[in-house]
Each structure stands twice: as structure tokens, then as C-alpha cells.
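Just so it is clear, none of the values below were taken in a lab; they were calculated from the coordinates. Computed from a predicted structure; not experimentally measured. Cβ: placed from backbone, ideal geometry, glycine included. Neighbour counts: every protein chain shown.
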Amino acid sequence: MKSRQRQKDILFSLIVFFSAFAVNLLIQKLFTTQTLVPMIFVFGVFLISLKTHGYCYGITSAIVSVFAVDFAFTYPYYVFGFFVEESILSAVIMMVVAVSTSTLNIRIRDQEKLRSENEKERMRGNLLRAISHDLRTPLTSIYGSSSTLLSKYDELPKEQQLKLLGEIQEDSEWLIRMVENLLSVTRIDGAKVKVVKTPTVLDELIDSVLMKFSKKHPNQKVITQIPDEFVDIPMDSLLIEQVLLNLLENAVFHAKGMTELILSVSLAGDKAAFEVADNGCGIPEDALQKIFSGSYEKSAAPVDGTRRNMGIGLSVCAAIVKAHGSDITAENRKSGGAVFRFALERGGEDDGQ
């Protein structure tokens, strides 16, 4: 990464310097005045100091620019006379510009890095609170049901025993999904971890999602709308499957009154747009802006022990889609219900962002 950044900085510095040199040669051919020459080189030094990393490139460009002005644009031409007053003054000015701009640039980058780290810490805190809240209810339910079975096994009718065992199974399945979400987060957490994309056939992706979803929710029908043509999209297929599963399950858990659940994919230029829509109760307006961060306030835990908050799941969706170089959005449909959207770049294989 550092080597690539160094190459970019060197290339940018050379392009700016030679561009300034070429512009000054053109001015020298067209006009008799030479007053613009130092200003153009100063501007070039400013750009290099502003766009590159560290002090080295700006200071080096300032020194080289002084020699260039002295050698090619100061009479007598093509002779070094560096110790004349004008050359020394130009050197001082360019060095001041280079050092000042580089210092300002470094401070801005440090502030952006600090702001980014603070945001990550805030997100981690929100994620931890969401996990703590969401895990407590099913664990309490599992403990209560198993304790009841152990202490009153002979007294409970078979129907009640089966009901308690079913609740334990349901809570355990929910915890498994939670762990899958957390594992997805760990795969994309940290600046050094990259999502590895491989071309994935769209039909195979959707079939896999629907198969896994039907096992967990056999009674919920999903209407699919995908292109008839063959489509392959560079992605981490396991992570994108997790996103689509989370969005579909989010509708099952939250979209009260839902009678229609739609998973659609459309092609627009070099992008494939994914949508998961329902015709349920929609999303509260105060939650729309915070729904993917996990930072919105949750209602009190239901007294019946059910889990209906997918804050952690939606946080995972946002993180995965962002790692793929895109964003996920949510909005309420005019006809009722909610729709979640994100798009992935189509094209050749890509090994990461």
C-alpha cells in the first residue's frame, strides 16, 4: 500500500512539475515578460505539497523548481546563477509554500484519521450495545425453558414439553444467525482486511439465498424478479448472501401485515441493483436515518420472549455493502411497506477495493 502511494505521489509530482515547465516554455515563446514564470512554479509546488503525503515531495519540487527557473527562464539562459538575489528569494518563497502547505495537509489528514477512528469506536460501541441487548433475551428464554423442563419434566404434559423444546430450538436458531452475522463482521472489520471478489452467477446466488431462506421460513413465499440474461457480478458471494438473507428475514420479523415479499435485481449500465421490498407496516420515520448504524433507540424487550430487532443484522448489511464499494439505503414505499436497495459494480474480476 505504501509503495503504491509512493509511486502515485512521485508520478503526480513529475506530472505537475513538467506541466509547469511546459507552460512556462510556452509563455517564453509567446510573451516577452517573465514575471509569470515564478508564480506558475510556486503554484506547482503548492499543488504537489497539497496532494502528496509528507514533506519530501513538496520540498524537493521547490528546490528543483528554483534550479529550473534559474537555469531555463533567467537571463543568461541555460547557465546557473543561483546566488543572485532573485533566485535566493524564489527559493525561500517556494520552500515556505512547500513547508506550510505540507504541514497544513498533514494536519488535515491527521484530523480526518482521528475523526474516522472516533467514528469506528462509536460504531463499535453501538454494535456492542446492540449485541448485548439482542443476546440477552434469547439466552434468558433458553435458560427459562430448559430450567422448567428440568425441574418439572414429570409434571408437564407432552404438549407443553414440546412447546418449550420448540422455543429452545427457535431461540438457538436465532443465536446461530446472530453468530453468522458477527462472523461476517469480523471478516470485513479492520482497514487491512479486503473483500475478495470473484465473478458470481446471479441465478446461482439467488437460488442459494432462496434455498437457505426457505429452510428457516418455509411458509414465507418470496417473489423474485431477475433478468433473463446471463449475469455475473464480482462479489464475495457468501457475504452478499448474508446481506440478502438479513434483509429478507428483517421483513419477516418486522413487516407486520406483510402479504408480499419481493427480491428483485435489475441492470442499469455497469451496475446491478438489488432490492428487497415488502408491503407491510413500513419503517418508523425516526429510525430511517439510523437504521443501519444500530444506534437508534430500541423499544422495550417483548414480554413473550420473542426477538424482533434486527439492528445487528442491518449493521452487518451496511458494513458488507460498504466493503464492496457501495451503499445501502432504506425507504418507505408510497404503496405501503419498505424497500431496501444497494448496487454492485458489474465487470471483470476484482481482488478488492
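Brief remarks follow.
- ³J(HN,Hα), Karplus 6.51/-1.76/1.60, whole Hz, each residue of region 95-107, x for Gly, Pro: 5, 4, 4, 4, 5, 5, 5, 4, 4, 4, 4, 5, 5
- Placed amide H near Met235: partners under 5 Å, 5+ positions off or other chain: Thr198, Thr200
- Modelled spin-label separation between Phe71 and Gln161, with each label point placed 7 Å from Cα along the Cα-to-Cβ direction: 9.4 nm.
- Annotation: amide H of Ala343 within the under-5 Å range of Phe274, Asp327, sequence separation 5 or more or interchain, hydrogens built in the peptide plane.
- Rounded if a/c under 1.5, otherwise prolate or oblate - region 10-50, Cα gyration tensor axes: oblate
- Under the Karplus curve 6.51 cos²θ - 1.76 cosθ + 1.60, θ = phi - 60°, whole-Hz ³J(HN,Hα) for region 213-227, x wherever Gly or Pro sits: 5, 5, 5, 7, 9, x, 8, 9, 7, 10, 8, 10, 9, 10, x
- Members of Lys8/Lys29; Lys2/Lys120; Lys163/Lys334; Lys212/Lys322; Lys163/Lys212; Lys215/Lys334 lying beyond 29 Å, as alpha-carbon distances in this model show: Lys8/Lys29; Lys163/Lys334; Lys215/Lys334
- Label-to-label distance for Arg6 and Glu180 is 4.5 nm, based on points extended 7 Å past Cα in the beta-carbon direction.
- 3J(HN,Hα) from dihedral phi, region 15-23, Karplus parametrisation 6.51/-1.76/1.60, rounded to Hz, x for glycine, proline: 4, 5, 4, 5, 5, 4, 4, 5, 4
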